[in-house]
Amino acid sequence: AANPQISADPRTMEDGGAKLKALRVRMRDPKLQQGLPLDAYIIPTDDAHQSEYVSECDKRRQFISEFTGSAGTAVVTRDGAFLWTDGRYHLQASEQLSREWTLMKSGNKGVPTMIDWLCKELSPEARVGVDPMLLSDELYTKYEKALEEAGRVLVPVRVNLVDVVWAEFGRPLPSNDPIVSLPLQYTGVGWQEKVRGVREKMAEEKAEALVLTSLEETAWLFNLRGSDVPMNPVFFSYALVTSKAALLFVDGERL
């Protein structure tokens, strides 16, 4: 019998089926996976910085599913498409998902978690792809262990397959607005002094290097602001702090 807590909406959305078809073509392309085709592909909500809010060009899950809620994970298999989201968005998702999608109502009785579903429903030795840049190390390790114990394989796909498809549908470009330096009257402390403070903490922890991936952290440390994410004064960047260097990895033309 069908589970009443798992529902598929009968309505269609423009381009929904075409996007899924295009993604499945990429899932079967061994050149993009550097190996065998994929049986499933995970599309998280997060960006490469684990940001609470993401830019328009990073809304991959929204693009592939048309679901605009701020939380949820999509999984596309060879013959199905599934979206997990919590109770805040069950009604919204049921209205936005096309008939190709199955809504998995997280938190409801009888609804498995995404990883439990993958372990149970996919065939043994199935290959599950994901862009490793979009998962925290902790979450990636958790998924990898669970799938391995179930006889499945988590495959780190370095080329984001949704991005490949999205390019054909007009993916928004990332912001190219200038990155601005805040004067001392607003920051209170110069970036050099902040770096010295970070190094002191690193010495206490006997750390030789500190890698910063959070956009808020790099913006704060170097007293810089941007507009790469709507309503957030941050910019795409990474940083590396050692005892002798403080490196900011960013598009230099924007400074």
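Length gained on full extension, Lys244 to Ser70: 58.7 nm, using 0.36 nm per residue less the C-alpha separation.
Whole-Hz Karplus values for the range 159-172 come out as 8, 5, 5, 5, 4, 4, 5, 4, 4, 6, 9, x, 5, x Hz, taken residue by residue from phi with 6.51 cos²θ - 1.76 cosθ + 1.60 and θ = phi - 60°; glycine and proline positions read x. Around the amide H of Ile179, modelled in the peptide plane, lie the amide H atoms of Leu255, all under 5 Å away and 5 or more residues distant in sequence or on another chain. Within the shell defined by Cβ-Cβ distances under 12 Å, the residues around Val54 carry a net charge of -3, with Lys and Arg each +1 and Asp and Glu each -1.
The listed peptides 106-113, 20-27, 126-133, ordered by packing as a protection proxy, come out as 126-133, 20-27, 106-113 (highest mean of other Cβ atoms within 10 Å first).
Checking the cross-link pairs Lys142/Lys194; Lys145/Lys244; Lys59/Lys105; Lys120/Lys206; Lys31/Lys59; Lys59/Lys206 against a 32 Å limit on the alpha carbon distance flags Lys142/Lys194; Lys145/Lys244; Lys120/Lys206; Lys59/Lys206 as lying beyond it.
By per-residue mean of other Cβ atoms within 10 Å, what is the highest-first order of 225-236, 143-154? Show your work: numbers first, answer last.
On the way: 225-236: 18.3, 143-154: 16.8.
Highest mean packing first, the order is 225-236, 143-154.
Normalising the average separation of contacting C-alpha pairs (under 8 angstrom, six or more residues apart) by the number of residues puts the relative contact order of the range 7-156 at 27 percent.
Between Asp29 and Ala207, what is the FRET efficiency for a Förster distance of 41 Å, r being their Cβ-Cβ separation, to the nearest 0.05? Spell out each step's value before the answer.
On the way: r = 41 Å, r/R0 = 1.00.
The formula returns an efficiency of 0.50 here.
Nonpolar atom fraction for the range 72-123, defined as the carbon and sulfur part of the 1.4 Å probe accessible area, stands at 46 percent. Shape descriptor for the chain: Rg over Rh equals 1.03 (Cα atoms; Rh from the Kirkwood inverse mean 1/r). Calculated mean residue ellipticity at 222 nm for the chain: -9000 deg cm²/dmol, from DSSP H runs with n ≥ 4 weighted as -39500 (n - 2.57), summed, divided by the residue count and rounded to 500. Normalised by the number of residues in the range 141-255, the mean separation of alpha-carbon contacts (under 8 Å, six or more apart) gives a relative contact order of 24 percent. Placing pseudo-labels 7 Å out from each Cα toward the beta carbon at Leu255 and Lys109 gives an inter-label distance of 5.9 nm. Contact order, relative form, for the chain: 19 percent (alpha carbon pairs under 8 Å, 6 or more residues apart, mean separation divided by residue count). Each part gets one Cα centre, and for the range 118-147 versus the range 199-239 those centres are 29 Å apart.
Accessible surface calculations at 1.4 Å, restricted to protein heavy atoms, place the chain at 55 Å² per residue. In this calculation the C-beta distance from Glu216 to Thr102 is compared with R0 = 41 Å, giving a FRET efficiency of 0.70.
The values are calculated or read from the model by the stated rules, or taken from the named source; none is laboratory data. Remember, predicted model here, so these are calculated numbers, not experimental data. FYI the Cβ positions are ideal-geometry reconstructions off the backbone, even for glycines, and counts take in every protein chain you see. Calculation scope for accessible area: heavy atoms of the full protein, side chains included, ligands and nucleic acids excluded. Shrake-Rupley method; radii C 1.70, N 1.55, O 1.52, S 1.80 Å.
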